[in-house]
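The values are calculated or read from the model by the stated rules, or taken from the named source; none is laboratory data. Predicted model, so just to flag it, every value in this text is computed and none were measured. Note that we place each Cβ from the backbone using ideal geometry, even for glycine, and neighbour counts take in every protein chain shown. The area values use the complete protein model at the heavy-atom level, side chains included, leaving out ligands, DNA and RNA. Shrake-Rupley method; radii C 1.70, N 1.55, O 1.52, S 1.80 Å.
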Amino acid sequence: MKLCSTWRLLGCLGLTLIFSACKKETIEKGRIKEFNLTSAVNGGSYDIRVALPENYTPSGQYPALYVLDAKPDFDFTALECEKQAREHHREGVLVIGIGYGHNRMDDYTPTPTNIGGGGADQFIRFIETELIPRIETEFHAAASRSARAILGHSAGGLLVGHSFTNHNRLFGSYLCLSPSFWYDDAIVLRNEQVYREQNRNGKGNFFLALGELEEKMRPPFIGFRNTLQAHYPNYALQDYITPGKGHLDSKKTNIKRALTFFFENM
């Protein structure tokens, strides 16, 4: 009898450990705020999610990380920000996920082609004139370029690069993952040359990442990295290529590395 009871107890403990390990980590529900914002700039109706940092107080002034492609990437990014803020003993950040309220390829592409509509400038104008003011007013984000960061993957990475070259006044930190810099004959690299003189003396942070198997992405990725190293002396720069990974399976690894870089350079 005693032996049976012992085994039952051990079995229960084992199940408890298994369920604990499988339990999905999430941010407290009360610290996720959601609203919809219809843009007067481009007519898009964007679902916005905001993750408040731990120990958030309305009297604070918080750095803000704007995350593109919020539907697949917001939850993971927000939770990883919370973990890394603790690990680095840093103030928490507001994580703002921008959902799809308009055609994604139109919003994220800087020029019209047969696969994109070229609405990036309008989308960035929406962020600058409609979204950021609301985040700063309602959620007490710090109202400075140095306190704002943007993270994007793939076409979202293309938008991050376009923000850097054409709208450099807006963000101080750029987390650019698997960017589609091949788009329109590497338009981002050409725009960098156009705007170089007005941007090169600015300060900030730039993280570039790619999967090792992303061969199409590699040449413009290397070209943009070399340009940053050669012409932007006041930027903290880091690049990383995930071994053995492709476009999608490198994303979570590179988000983690991007956020480590971000918190180390806040």
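Tabulated data for the structure shown
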| quantity | calculated |
| --- | --- |
| Residue-averaged [θ]222 nm for the chain, counting only DSSP H segments that reach four residues, each worth -39500 (n - 2.57) | -13500 deg cm²/dmol |
| For Phe171, net neighbour charge (Lys/Arg +1, Asp/Glu -1) across residues whose Cβ lies under 13 Å away | +3 |
| Percent accessible area from carbon and sulfur atoms, the range 133-243, protein chains only, probe 1.4 Å | 47 percent |
| Between 0 and 90°, nearest 10: helix 70-87 axis offset from the chain longest Cα axis | 70 degrees |
| Cα centre as origin, Lys/Arg/Asp/Glu Cβ charges: the range 108-266 dipole, Debye | 280 debye |
| Antiparallel content of DSSP bridges confined to the chain, in %, to 5 | 30 percent |
| Set Lys83/Lys251; Lys71/Lys245; Lys29/Lys216; Lys29/Lys256 screened for pairs whose C-alpha atoms are more than 29 Å apart | Lys29/Lys216 |
| Cα-based helix-to-principal-axis angle, 155-166 vs the chain, degrees rounded to 10 | 40 degrees |
| Hydrodynamic radius (Kirkwood) for the chain, which is based on Cα pairs only, to one decimal in Å | 19.5 Å |
| Relative contact order (%) - the range 199-249, alpha-carbon pairs under 8 angstrom, separation at least six | 58 percent |
| Longest segment of the chain lacking trypsin sites (Lys or Arg not before Pro) that sit in a DSSP loop with at most 13 other Cβ atoms within 10 Å | 25-168 |
| Accessible surface, per residue, of the chain when the full set of protein chains is kept, probe 1.4 Å, Å² | 48 Å² |
| Residue of Thr227, Thr253, Thr26 that the Gaussian network model of the chain assigns the largest fluctuation, springs spanning Cα pairs under 10 Å | Thr26 |
